[in-house]
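Report on the structure given below.
Taken together, the values in this text are just the output of simple stated rules run on the coordinates, not laboratory data. The model shown is predicted, which means the values in this text are computed figures rather than measured ones. Cβ atoms come from the backbone with ideal geometry, glycine included; neighbour counts cover every protein chain shown.
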Ligand SMILES: Cc1ncc(COP(=O)(O)O)c(C=O)c1O
């Protein structure tokens, strides 16, 4: 069983909802990322999502665009991202790490090399925003060979037929995007998410994570009511932006933010 | 001698997945997937629909002014001392470039799909103007994204779009040129996908855009083919067109692909020179990758980051190229070359003085390559150049190079 599936099994046994923070690798400076990852785990993260910086992040709003720009100032490449995961694994062999990014840096490296290096570094899953199932055949089989879960997105615009198709390709968990829009754009509406998730769950037994628009403990707890995992991105990246000139304070700052969400989710889980 | 490609090309590319060999495809975020399938369904339904075609033909004739003439540039031909040079006069279209052929088609499709809001990206502003024009006529809301650097160098077109009622949003991210405008338009589309139709201005983007935009632009090649046959009784020996995303070029090339005697040259922007790295020539100096919904040749670094492009001409300043050109390059059916800013500028002045036609800086790249090719050909051979647009929009740029500034 993959580290991601194991993680969800354990949480399920305890009646807990997973918390998945996203940060862009190398933002605002490369050295901070590994300490930030450890701090997030300490603050209650169950799985870490690490963004691969890209020059043209078309599905992201200004907050994550700027994060990519800050990281790219240091020319943070996939090789550096793998190094960060390797370093993280020196102290943490339990927490699953998912890489999230766009197709082109992976294409430039070559799928096979990517799969090999990701496995060696201790990466557990990969989510490629602009690589839909339609274009994924070769990618999927290589990831599978190297034991890396391929995580796919489902959107408010996704039809039920398409959900069923995506479910055939997905591994680890499915990531439901709560709003039509780019990352960091609007607050989510839990009732519309709930209706879509019912459709999705009829197509798959995989755990479902929900992201986009989760800003604080309250929205995190609301999502925890309907999802197996809560994904938080732009809120943390905004905090990183605010501390860009004081990176040494960052691990504590993002941990503080995440801890608030962890508490809210735990309170909700206990009540259930 | 160009590689032979038979009529089966037309049925084979793109295939059902929108692929031209390894290129093209549907590389977009999940939120847009249903939207691009819906567009494909609508396009497939209307492309053979008699009413749709009749409405488009009428607009192309009465609103755009088609057919555009095919003009024998006698003075220029004489000066070059080689092939007879014919110019396909897309510069005479309403709004001043070939771009309107495509916006007419997509806007009529948008109307039939019940969309009320139109968005577009633009580089030189020609596609933005052509989009704002059709939106004004159909009474649709129109938002145009334009790189902040281009807003500056194409100020006149920005004002034209505003007069036409469009909202022009300067894009400050990245290199502040065409690729960033495309990113921003895609972000808008993801956010407003229910009521919004995205009119892409070139043969890029996810399937079905490269095929659909090509089909709307092949009016150029279909007209040119019958015009040259009528004028000379034979097919041209070579075609030349500039390549930004590649829409005017594919529009000219496509109807000639199975004519094995016709050579094809796509001309990219070599900027300050390919060797300086400051250019916009992905087919000549790039590598395959994935950007803006398709797989194609891109200007990128070894880590897969898209690198900044440079061209004197805003409409060529793009790091990618339509996937069908990538395929035509790989199979050897078309040749891709590049000319520098200086060479294009020289051709701009030459055509203006010799023929009394002021070409767009984009089209001047095609003219510059034609001026290299023509002298190597004999006087009974025919060179057909796509004059994709007129140069009115470039007065600022050219005047500034001559040390003039209209604002002072
Ligand atoms: C006059 C003219 N020609 C050519 C182009 C390049 O586009 P494409 O390669 O799609 O024809 C532009 C783009 O703005 C243009 O305005």
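Worth a mention:
- Equivalent-ellipsoid semi-axes for segment B:149-297 (Cα gyration tensor, √(5λ), whole Å, largest first): 30, 20, 17.
- Dimensionless Rg/Rh of segment A:3-271 - Kirkwood Rh, Rg from C-alpha atoms: 0.93
- The mean sequence separation of alpha-carbon pairs under 8 Å and at least six residues apart, normalised by the residue count of segment A:3-271, gives a relative contact order of 24 percent.
- Relative intensity, log₁₀ I(q)/I(0), of the protein assembly as shown from a Debye sum that treats every alpha carbon as a point, q = 0.06, 0.09, 0.10 Å⁻¹: -0.35, -0.76, -0.91
- Most fluctuating residue given options A:92, A:14, A:46, as computed from a GNM of chain A linking Cα atoms under 10 Å: A:14
- Counting all C-alpha pairs of segment B:322-408, share separated by more than 22 Å (%): 38 percent
- Take the Cα of residue A:189, step 7 Å toward its Cβ, do the same at residue B:222, and the gap between the two points is 4.4 nm.
- The spread of Cα positions in segment A:211-272, taken along each principal axis and listed from longest to shortest, comes to 41, 20, 15 Å.
- Only Cα sites of segment A:6-135 enter the Debye sum here, all with the same form factor; the resulting log10 I(q)/I(0) across q = 0.11, 0.17, 0.18, 0.19 1/Å is -0.38, -0.90, -1.00, -1.11, listed in q order.
- Radius, Kirkwood style, for segment B:210-317 when every pair of distinct Cα atoms is counted (Å): 15.2 Å
- For segment A:120-231, taking Cα atoms only, Rg and Dmax work out to 14.1, 41 Å respectively.
- Shown here are the Rg and Dmax of the Cα trace of segment B:130-188, at 11.2, 33 Å.
- Legend: translational diffusion of segment B:249-291 by Stokes-Einstein, Rh = Kirkwood radius over C-alpha pairs, 25 °C, 0.890 mPa s; D = 198 µm²/s.
- Calculated mean residue ellipticity at 222 nm for chain A: -15000 deg cm²/dmol, from DSSP H runs with n ≥ 4 weighted as -39500 (n - 2.57), summed, divided by the residue count and rounded to 500.
- Taken along its three principal axes, the alpha carbon spread of segment B:1-143 comes to 56, 40, 32 Å, from the longest extent down to the shortest.
- Once Rg and the Kirkwood radius are both taken over the C-alpha atoms of chain B, their ratio Rg/Rh works out to 0.94.
- Using 0.36 nm per residue and subtracting the Cα-Cα separation, the extra length available between residue B:331 and residue B:276 on full extension is 17.0 nm.
- Zero-based 5 Å bins, Cα pair distances in segment B:62-213, whole percents: 2, 10, 17, 20, 18, 12, 8, 6, 4, 2, 1, 0
- Rounded to two decimals, the Cα radius of gyration of segment B:252-408 over 2.2 N^0.38 Å is 1.09.
- Taking the DSSP bridge list for chain B and keeping only pairs wholly inside it, about 30 percent are antiparallel.
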